[in-house]
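Data first, discussion second: the structure below is written as structure tokens.
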Amino acid sequence: MELTLTPALAAQPAITDEEVRTALDTAIRQTESCLEEFSLQFKHTFSYDNFYGPAPNDQWTNGFWTGELWLAYENTGRKEFLEAARAQVESFRSRIDHNIETDTHDLGFLYSPSCVAAYKLTGDLRARETALLAAKKLASRFHEKGQFIQAWGALDNRDNYRLIIDCLLNLPLLFWASKETGDSKFEKLAKAHLNTALNVVIRPDYSTYHTYYFDPDTGEPVKGVTHQGYSADSAWSRGQSWGVYGIALGYAYTQNETYPELFSHVTNYFLEHLPSDLIPYWDFTFTDGSTEPRDSSASAVVACGLLEAARHLPEKEADTCKQIARKLMKVLVDRCSAQSPEESNGQLLHGVYGRKTPYNDCIDHGIDECNLWGDYYYVEALTRLSKDWNPYW
Ligand code: GLY
């Protein structure tokens with residue numbers, strides 16, 4: 001497995017340990033400044049003019065804010081972060097008990113950085129039980145015909161008979177559930193989905209489809225379609241980043257020996273399609289000279305993927321992964337991070353949630369804004385760079 005140090009990456013300095021420490025201190029101050037407003041309520045999925053408003057616990061992104069609180073607690077040991085995170089964990093129990101927007105594959109995004117984190121960090125048994133309820137619900141979305149977890153909507157809805165690449169990040173909840181309970185069913189389904197997804201979403205040039213449909217009668221793969229990318233055949237940069245981190249986590253849990261090679265190809269596609277300033281456009285259809293917005297969050301996700309892969313690869317490859325992650329993070333810290341609560345109540349500026357094009361079916365929202373996963377993965381990457389981190393995933 002070999003990662004490509006493009007000329008732009010070769011010229012880019014890596015973040016130093018001291019710069020990581022300073023950036024993490026700034027990030028923790030940013031989180032702290034939100035405690036009063038966002039302990040008993042959540043942040044909306046994306047900011048408006050770099051400021052988040054409040055939201056209930058009914059979005060796919062709520063777990064990232066709770067995860068950011070856990071990271072702040074883990075990095076400081078301070079009880080105000082612990083108390084805020086604990087209050088939110090209880091809200092996730094209510095959400096699963098009352099089935100509030102839980103007909104989705106996003107249960108991993110929701111319950112790994114909130115309840116699994118709570119259990120791993122504090123031994124909270126109620127959080128463990130809550131995360132297991134979410135894992136059961138996620139497992140119930142698995143279709144035997146096609147061998148995949150359905151992303152969105154009711155399971156009998158033929159128009160929704162598809163997976164999406166993002167789901168790779170939901171699988172750790174299932175792997176964790178098997179380890180915790182000794183019930184291999186969760187792991188079996190996660191492995192089956194991983195295998196199916198990697199077979200269909202990765203194109204011959206190692207770019208990726210966002211979503212992939214199957215025939216509900218036969219389970220045969222039908223076609224790749226985008227939701228948030230520029231078009232069906234384009235490479236949505238965040239989708240590619242979910243691929244990078246998802247394969248790294250898949251390797252962590254399965255040790256499948258074909259994954260390191262796949263990881264390097266999918267990661268290289270991302271690195272080779274970065275513009276010269278190394279901040280990804282929201283879709284790789286666009287490059288240097290385009291006025292389209294950037295999606296900083298994709299880069300934060302890739303940095304985490306590289307640092308996760310580094311934990312499982314031989315030393316030489318691991319060092320390359322870490323070096324590239326440090327370069328990507330130097331760019332994000334220097335060019336995209338919020339420096340004060342007056343500038344933003346988030347962490348990572350210049351993300352994109354959805355951008356409407358004639359060829360996709362999403363709407364314009366969260367453009368050139370903070371978003372909750374960008375904030376979370378930015379702080380996760382800094383945490384990973386500052387110590388030997390035990391993943392919430
Ligand atoms: N998982 C949805 C997104 O990445 O926007």
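The values are calculated or read from the model by the stated rules, or taken from the named source; none is laboratory data. Being a predicted model, the structure only gives us computed values, none of them experimental. FYI the Cβ positions are ideal-geometry reconstructions off the backbone, even for glycines, and counts take in every protein chain you see. Surface areas here come from the heavy atoms of the whole protein model, side chains and all, with no ligands, DNA or RNA. Shrake-Rupley method; radii C 1.70, N 1.55, O 1.52, S 1.80 Å.
Quick one: would you say Y376 is of a type outside the set (G, A, S), buried (at least 24 other Cβ atoms within 10 Å of the Cβ) and within 16 Å of the ligand (Cβ to nearest atom)?
Answer is yes for this residue.
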Members of the range 81-116 that are among the β-branched types (V, I, T) and either more than 15 Å from W60 (Cα to Cα) or touching a helix residue (DSSP H, G or I) at 6+ places or on another chain (Cβ under 8 Å) (or both): V89, I96, I100, T102, V116
In the list A248, A252, A197, A177, which residue meets the criterion of being within 16 Å of the ligand (Cβ to nearest atom), at negative phi and touching a residue at least 12 places away in the same chain (Cβ under 8 Å)? A197
Does any residue of the range 306-313 turn out to be touching a residue at least 12 places away in the same chain (Cβ under 8 Å), open to solvent by 40 Å² or more (accessible area, probe 1.4 Å), within 16 Å of the ligand (Cβ to nearest atom) and within 24 Å of A10 (Cα to Cα)? no
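What tally of residues in the range 117-146 results from selecting those that are of a type outside the set (D, E, K, R), closer than 15 Å to F186 by Cα and buried (at least 16 other Cβ atoms within 10 Å of the Cβ)?
9
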Of (1) open to solvent by less than 50 Å² (accessible area, probe 1.4 Å); (2) in contact with a strand residue (DSSP E or B) (Cβ under 8 Å, 6 or more places away or on another chain); (3) outside any strand (DSSP E or B), I363 fails just (1)
Given the conditions (1) away from the ligand (no atom under 16 Å from the Cβ); (2) in contact with a Phe, Trp or Tyr (Cβ under 7 Å, 6 or more places away or on another chain); (3) closer than 23 Å to A72 by Cβ, report the number of the one that F109 does not fulfil. (1)
Filter the range 324-374 down to the residues that are more than 20 Å from the chain's Cα centre (by Cα) and aliphatic (A, V, I, L, M) and list them by number. I363
Please give the number of the condition S114 fails out of (1) out of contact with any Leu (no Cβ under 8 Å at 6 or more places or on another chain); (2) polar (S, T, N, Q); (3) surrounded by fewer than 19 Cβ atoms within 10 Å (Cβ to Cβ). (3)
Can you tell me how many residues within the range 325-368 are among the hydroxyl-bearing types (S, T, Y) and within 13 Å of the ligand (Cβ to nearest atom)? 1
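Among the residues of the range 147-171, what is the count of those that are assigned to a helix (DSSP H, G or I), in contact (Cβ under 8 Å) with a residue 24 or more places away in the chain and either more than 15 Å from the ligand (Cβ to nearest atom) or open to solvent by 10 Å² or more (accessible area, probe 1.4 Å) (or both)? Outline the logic, then answer.
Within the range 147-171, the subset assigned to a helix (DSSP H, G or I) is 158-160, 165-169, 171.
Now restrict to residues that are in contact (Cβ under 8 Å) with a residue 24 or more places away in the chain: 158, 165-169, 171.
When the remaining residues are screened for being either more than 15 Å from the ligand (Cβ to nearest atom) or open to solvent by 10 Å² or more (accessible area, probe 1.4 Å) (or both), the result is 158, 166.
Count: 2.
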Identify, from the list E18, E37, E2, the residue that is open to solvent by 20 Å² or more (accessible area, probe 1.4 Å) and in a helix (DSSP H, G or I). E18
Out of curiosity, is F284 closer than 20 Å to L5 by Cα, touching a residue at least 12 places away in the same chain (Cβ under 8 Å) and within 16 Å of the ligand (Cβ to nearest atom)? yes
Applying the selection to the range 225-245, what residues are farther than 16 Å from P204 by Cα and away from the ligand (no atom under 16 Å from the Cβ)? S231
Which of the residues belonging to the range 216-263 are assigned to a loop (DSSP other than H, G, I, E, B) and open to solvent by 50 Å² or more (accessible area, probe 1.4 Å)? D217, T218, E220, Y230, D233, Q255, N256, E257, T258
Looking only at the range 55-66, decide whether some residue is away from the ligand (no atom under 16 Å from the Cβ) and either at pLDDT below 95 or surrounded by fewer than 19 Cβ atoms within 10 Å (Cβ to Cβ) (or both). yes
Identify all residues within the range 5-15 that are open to solvent by less than 70 Å² (accessible area, probe 1.4 Å), within 25 Å of the chain's Cα centre (by Cα) and of a type in the set (A, V, I, L, M); write none if there are none. A8, L9, A14, I15
Any residue that is open to solvent by 10 Å² or more (accessible area, probe 1.4 Å), farther than 28 Å from T26 by Cβ and within 16 Å of the ligand (Cβ to nearest atom) - is there at least one of those in the range 85-103? yes
